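The values are calculated or read from the model by the stated rules, or taken from the named source; none is laboratory data. None of the values given here were measured: they were computed from a predicted structure. FYI the Cβ positions are ideal-geometry reconstructions off the backbone, even for glycines, and counts take in every protein chain you see.
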Amino acid sequence: MTSMRSCGLVIMLAVVAMLAAGCQTMTVVEQVEDTPVINAQAELEEQQLLDVGIRVFDPGEISEKDRKKKGLTTEIRSAEARYIPLVLRDTLQRTGHWGAVRVVPAQTHAVDVLVEGKIVDSDGEVLELEVEVTDASGQRWFSRVYEKQVDAQAYLDTDESEIFQDIYNRIANDLYRHKAKLSTARILEIQRVAQLRFGKSLAPEAFDGLVAATDDGQYRIQRLPAQDDPMFDRVMKVREREHMLIDVVNGYYDKFNAGMAGAYFDWRKARSDEAEALREVKQKAANRYLLGAAMIVGAIAIEAMGGSSGTDTVRDVMVLGGAYNVKRGMDISAQKAIHEDAIRELGESFNAEVAPLVLNVEGQTLELTGSAEQQFHQWRRLLSEIYATETGAPTTHIADDDQPSSSPVK
């Protein structure tokens, strides 16, 4: 009987030891080497280049839980919705595969390829984006989700401020791979459709019959305008003015980016540090709770098997040890509030830095009023009026498919 009790005691202590060992595991983010961007090996001819417009991203929704636990705000997301397209723009420009690459505040027919995106998640450790790409003919190139996760160590191992450059490289590579499949004739067709759709948005009657939408939402060229068509020339000059306006808006975005980049990197790094410290605290507290519970359960099991002078001592030690570990778990859990408060304070601090930058880029006047996005729509109406004055045609405002994807910060 004594040997059976001893055997049971050994088994119980082994179980306790196994539980304690199992509690020590930590979640580790596997760092995958960044994807290199594919650059053009030689300068491309003009007819091989497509102009790209990248819309200001949809900032997405922030849950109340993320507001409290992650210190995220709508102002931070609004800033990211402009910052992310700028990083993607710069990445595409460096590849040499494209013509003009611009960030556009709203839907426009003044580009050959349009990139639209939504921020699914962004907290300094995780960046998840939904990206959809279509060309002027209405052909969807692809719609994909890009995600990358990093840890605090990753911020120490890089000299560049954009820790998620891998995502932008992957998007750029996917764009290139799709474009590489297009023939020169198809590229020219996309460029012409873009011109005709812009013309139709400005002068519907004059461009009626030149380009038409099919049942599946694609746009097909019905016929081309004459080479010396003065109406077409005037419309293309208006299109050039819209390009100039977009360049001006990009200048404001560049100033915004220059003011935000450093603070944004610091915020993401500090937030990642605090988040990792918070996870460690939670893990240590859980370890103590589990070890304490295991020791108390072991003591109860020893009691159930029938006590003796030897086992009674072990039982009492395990009860005291279990209670101590549960108490230590409670003490460690109390430290969570410190890191949670630090995360919220980091968010509030960065929010205070970035909010004036967002308001500034949204408040540029261009001799107009409202945000940069609102001014873009006003400028389009002005271009339509200039065109009508020059041609004597009825005033028809350049058609907007929709409104800006992100609301101005109040």
* To do: Those residues that are assigned to a loop (DSSP other than H, G, I, E, B) and either of a type in the set (Val, Ile, Thr) or touching a helix residue (DSSP H, G or I) at 6+ places or on another chain (Cβ under 7 Å) (or both), I need them from segment 225-264; list them, please.
  => PRO225
* Asked: Yes or no: GLN93 surrounded by fewer than 22 Cβ atoms within 10 Å (Cβ to Cβ) and within 29 Å of GLU45 (Cβ to Cβ)?
  -> yes
* Asked: In the list VAL145, VAL115, VAL103, which residue meets the criterion of being β-branched (Val, Ile, Thr), part of a strand (DSSP E or B), on the phi < 0 side of the Ramachandran plot and surrounded by fewer than 21 Cβ atoms within 10 Å (Cβ to Cβ)?
  -> VAL145
* Checklist (1) within 30 Å of LEU202 (Cβ to Cβ); (2) in a helix (DSSP H, G or I); (3) more than 18 Å from the chain's Cα centre (by Cα); (4) touching a residue at least 40 places away in the same chain (Cβ under 8 Å) applied to LEU92, failing item -> (3)
* Candidates GLY209, GLY199 - the one that is exposed (fewer than 14 other Cβ atoms within 10 Å of the Cβ), at pLDDT below 90 and of a type outside the set (A, V, I, L, M, F, W, C) -> GLY209
* Is there a residue in segment 248-268 that is crowded, with 19+ Cβ neighbours inside 10 Å, within 30 Å of ILE190 (Cβ to Cβ), of a type in the set (A, V, I, L, M, F, W, C) and modelled with pLDDT of 85 or more? -> no
* Selection from segment 31-71 of residues that are in a loop (DSSP other than H, G, I, E, B), more than 22 Å from TYR168 (Cβ to Cβ) and in contact (Cβ under 8 Å) with a residue 24 or more places away in the chain -> GLU43, LYS70, GLY71
